[in-house]
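Notes follow once the structure below has been shown.
The values are calculated or read from the model by the stated rules, or taken from the named source; none is laboratory data. Keep in mind that what you see is a predicted model, and the values were worked out from it rather than measured. Please note: Cβ atoms are built from the backbone with ideal geometry, for glycine as well, and neighbour counts cover all protein chains shown.
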Amino acid sequence: MINIQKLATNNFLSSLDLSSEEVIHILELAEKFKNNELNISCSNKVLGLIFDKSSTRTRVSFQVAMSRLGGTTIDLNPSTSQIGRGEPIKDTARVLSRYCDALAIRTFKHSNLEAYARWSTKPVINALTDLEHPCQALADFLTIKQEFGRLKDLVLTFVGDGNNVANSLILCGALMGLEVRIACPKGYEPNIAIIKKARKLYKNNDMLKITDDPINAALGANILYTDVWSSMGQENQKREKDKDFAGFSLDNDLVSKAKTDVIVLHCLPAYRDKEISDEVIESGKSRVFDQAENRLHVQQALLASIFS
Ligand code: CP
Ligand code: NVA
């Protein structure tokens with residue numbers, strides 16, 4: 001038997017809103033949900049989904065997670081609600097939190113997510129902002145734990161843009177004690193404030209490396225991870241970024257530098273033969289579909305904890 005522990009925080013805006021013990025607990029719960037060993041009912045609970053950007057995995061995994069918990073979701077499409085007309089966040093948040101029991105929000109500016117959290121009287125979950133993607137990091141860490149049976153004494157190398165996904169990997173890595181290496185072209189480093197927070201958590205400075213040398217970063221890695229070079233909202237930079245990121249593709253050459261039992265992760269959606277080669281994403285080392293499936297299990301665990 002496992003008791004569902006209430007989270008100390010009301011909101012999940014950042015990977016650092018959870019303690020390492022809470023992450024371990026959520027991963028344990030997620031494994032139980034995955035193995036059909038846990039039957040938790042959150043009937044009558046309603047999760048509102050506000051997505052200002054497109055989504056397949058996050059939206060559907062939240063919908064299925066709520067359905068498996070016996071609750072429901074309402075998809076508040078900004079273009080058919082008054083959100084798209086520019087109703088102030090402080091009004092939308094106060095109204096929606098009188099109907100819904102929690103809100104999962106995908107938006108551009110992280111400060112907008114924080115504004116929702118400030119005005120909502122119900123928990124707010126980050127479903128991706130320009131700064132962080134903490135639900136993704138939980139699924140990534142579950143995938144790593146299931147592969148290696150542990151989270152410590154592992155090297156996770158992220159190759160590509162120092163974006164929201166990289167930021168959450170850095171924070172979650174610092175929380176859980178993994179060595180994280182980020183290899184990105186000069187000028188595309190992760191957010192400075194995120195790096196500072198992570199360095200504070202790590203006892204040892206060598207546990208977080210930011211470099212523009214992907215080959216060196218891949219040497220001895222247990223996990224190789226990449227994401228799109230141009231995130232949602234950066235479409236107009238695509239041509240320039242494609243040039244700047246030459247040499248930063250996760251291809252077989254790079255995989256050969258890592259440990260022989262390396263696994264390859266990508267949060268998806270992917271541009272094949274840009275940030276990752278088709279060969280690598282389809283190879284036996286790729287765990288991208290287990291990783292995508294794990295979105296469902298960790299979010300079900302997160303919701304069960306929030307509603308407990
Ligand atoms: N990885 C991820 O968040 O995918 P979606 O954009 O499809 O939700
Ligand atoms: N970095 C990507 C992740 C998509 C899931 C983006 O923000 O578009």
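Does ILE276 meet the test of being among the β-branched types (Val, Ile, Thr) and away from ligand 2 (no atom under 14 Å from the Cβ)?
No; evaluated as a whole, the condition is false for this residue.
Test of understanding: among PHE62, PHE33, which residue is touching a helix residue (DSSP H, G or I) at 6+ places or on another chain (Cβ under 8 Å), under 16 Å from LEU302 (Cα atoms) and within 16 Å of ligand 2 (Cβ to nearest atom)?
PHE62
So which of LYS203, LYS209, LYS241 is more than 18 Å from ASN167 (Cα to Cα) and touching an Asp or Glu at 6+ places or on another chain (Cβ under 9 Å)?
Only one candidate passes the filter, namely LYS241.
Could you go through segment 75-96 and let me know if any residue there is within 16 Å of ligand 2 (Cβ to nearest atom), touching a Leu at 6+ places or on another chain (Cβ under 8 Å) and farther than 21 Å from SER308 by Cα.
Taking every residue of segment 75-96 in turn, none turns out to be within 16 Å of ligand 2 (Cβ to nearest atom), touching a Leu at 6+ places or on another chain (Cβ under 8 Å) and farther than 21 Å from SER308 by Cα.
Among the residues that make up segment 123-143, is at least one of them touching a Gly at 6+ places or on another chain (Cβ under 7 Å), away from ligand 2 (no atom under 15 Å from the Cβ) and in contact (Cβ under 8 Å) with a residue 60 or more places away in the chain?
No, segment 123-143 contains no residue that is touching a Gly at 6+ places or on another chain (Cβ under 7 Å), away from ligand 2 (no atom under 15 Å from the Cβ) and in contact (Cβ under 8 Å) with a residue 60 or more places away in the chain.
Under the condition of being small (Gly, Ala, Ser) and part of a loop (DSSP other than H, G, I, E, B), which residue from segment 70-95 is nearest to ligand 1 (Cβ to nearest atom)?
In this case the residue turns out to be SER79.
Looking at GLY187, GLY233, GLY220, GLY177 in this structure, which one is surrounded by fewer than 19 Cβ atoms within 10 Å (Cβ to Cβ) and in contact with a Leu (Cβ under 8 Å, 6 or more places away or on another chain)?
GLY177
Provide a single number: the residues in segment 170-217 that are closer than 29 Å to ILE26 by Cβ and in a helix (DSSP H, G or I).
Total meeting the criteria: 21.
Given the conditions (1) small (Gly, Ala, Ser); (2) over 21 Å from LEU268 (Cα atoms); (3) part of a loop (DSSP other than H, G, I, E, B), report the number of the one that SER67 does not fulfil.
For SER67, the failing item is (3).
Hey, among LEU265, LEU254, LEU296, LEU303, which residue is over 27 Å from ALA193 (Cα atoms), within 16 Å of ligand 2 (Cβ to nearest atom), touching a residue at least 40 places away in the same chain (Cβ under 8 Å) and not in a loop (DSSP other than H, G, I, E, B)?
Only one candidate passes the filter, namely LEU296.
Is it the case that ASP52 is away from ligand 1 (no atom under 16 Å from the Cβ), surrounded by 14 or more Cβ atoms within 10 Å (Cβ to Cβ), under 23 Å from ALA139 (Cβ atoms) and acidic (Asp, Glu)?
Here the answer is no, as ASP52 does not meet what is asked.
Any idea which residue in segment 279-293 is nearest to ligand 1 (Cβ to nearest atom), counting only those that are in a helix (DSSP H, G or I) and over 16 Å from TRP229 (Cβ atoms)?
ALA292
Could you please find all residues in segment 199-234 being among the hydrophobic types (A, V, I, L, M, F, W, C) and either closer than 17 Å to LEU151 by Cβ or at pLDDT below 95 (or both)?
Answer for segment 199-234, where residues must be among the hydrophobic types (A, V, I, L, M, F, W, C) and either closer than 17 Å to LEU151 by Cβ or at pLDDT below 95 (or both): LEU201, MET207, LEU208, ALA221, ILE223, LEU224.
So, of the residues in segment 96-132 that are assigned to a helix (DSSP H, G or I) and of a type in the set (D, E, K, R), which turns out to be farthest from VAL165 (Cα to Cα)?
Once the filter is applied, the top-ranked residue is ARG98.
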